[in-house]
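The values are calculated or read from the model by the stated rules, or taken from the named source; none is laboratory data. Predicted, not measured: the structure shown is a model, and the values here were computed from it. Note that each Cβ is placed from the backbone with ideal geometry, even for glycine, and that neighbours are counted across all protein chains shown. Surface areas here come from the heavy atoms of the whole protein model, side chains and all, with no ligands, DNA or RNA. Shrake-Rupley method; radii C 1.70, N 1.55, O 1.52, S 1.80 Å.
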Amino acid sequence: KRVVQERAYDEDGNIVYIFSRVPVDEKQYIGSYKDSYGLPAEMRKDSLFTYGTLVRLTEDRWGNDSIIEYIDAKGKRKLNSDGVAMEVYICDQYGHLLKQQSRDIDGNLIIDNWGNCGIEYEWDSNHQMISAIYMDDRWKPMRMPNKRSDVGDKYNVMKTVCKYDCYGRLIEQAFFTDKDEPDSNAYGVHRTTFEFDDKGLQICVTNYDLNGAPVNDFTG
């Protein structure tokens, strides 16, 4: 029930990094990274991972990671490869992520290297995420820039709204403004529908523009 070490491997089974954490206070831990040679890993840019000399983890009352601080050997906050000194996660009692925020050394909201500050989520009574809205450093809705590697179809989007079937499968994803007006991404897609066969296998994905006409997505 209590993880003491995390190991990441590449596709050939080689260790990429090792992360260990030890408790230092109630609901607070200090974690450290080591590289594949077992040596301390300084923060460096990587397409998959963000390394840190040390991280200070603070859990909320339900045991969810609430604050992640990147610190040096003297305990002072330092920026990670995303230009962020703190990552804040606000969850509810069910563990649903309600807000994720990037913060600077002083704890203030900040636009990170990916071009936004965070995301605000909404969930339904079935524990399904029904909306996500991108936020700036004033915690106001903004359009998502095309800087983050996993943006894809969310490029130029402010708000994403999701619908599910009775089996909990995502059947529609649509884009709106912060005023809940129909909107489209940078590729002209307003909504995407997902169809499944009797065995639950996805058989069709269709994109539509604001006029309801089929349109290609960013993959062509």
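Structure values in brief
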item: Condition met for residue 25 (open to solvent by 40 Å² or more (accessible area, probe 1.4 Å), within 19 Å of residue 78 (Cβ to Cβ), at pLDDT below 90 and out of contact with any strand residue (DSSP E or B) (no Cβ under 7 Å at 6 or more places or on another chain)); result: no
item: For residue 79: the one exception among (1) at pLDDT below 95; (2) surrounded by fewer than 16 Cβ atoms within 10 Å (Cβ to Cβ); result: (2)
item: Hey, residue 209 surrounded by 10 or more Cβ atoms within 10 Å (Cβ to Cβ), of a type outside the set (Gly, Ala, Ser) and in contact (Cβ under 8 Å) with a residue 40 or more places away in the chain or not; result: no
item: Which listed residue, of 150, 180, 136, is of a type in the set (Asp, Glu), at pLDDT 95 or above, within 26 Å of residue 89 (Cβ to Cβ) and open to solvent by 40 Å² or more (accessible area, probe 1.4 Å); result: 180
item: Output for segment 64-76, where each listed residue is crowded, with 17+ Cβ neighbours inside 10 Å and not polar (S, T, N, Q); result: 67, 68, 69, 70, 71
item: Segment 151-167 residues that are touching a residue at least 40 places away in the same chain (Cβ under 8 Å), paired with ones that are open to solvent by less than 30 Å² (accessible area, probe 1.4 Å) (beta carbon under 7 Å, 6 or more apart); result: 153/185; 153/189; 155/144; 155/185
item: Test set (1) aromatic (Phe, Trp, Tyr); (2) closer than 16 Å to residue 117 by Cα; (3) surrounded by 15 or more Cβ atoms within 10 Å (Cβ to Cβ); (4) in contact with a Cys (Cβ under 8 Å, 6 or more places away or on another chain) - residue 155 fails condition number; result: (4)
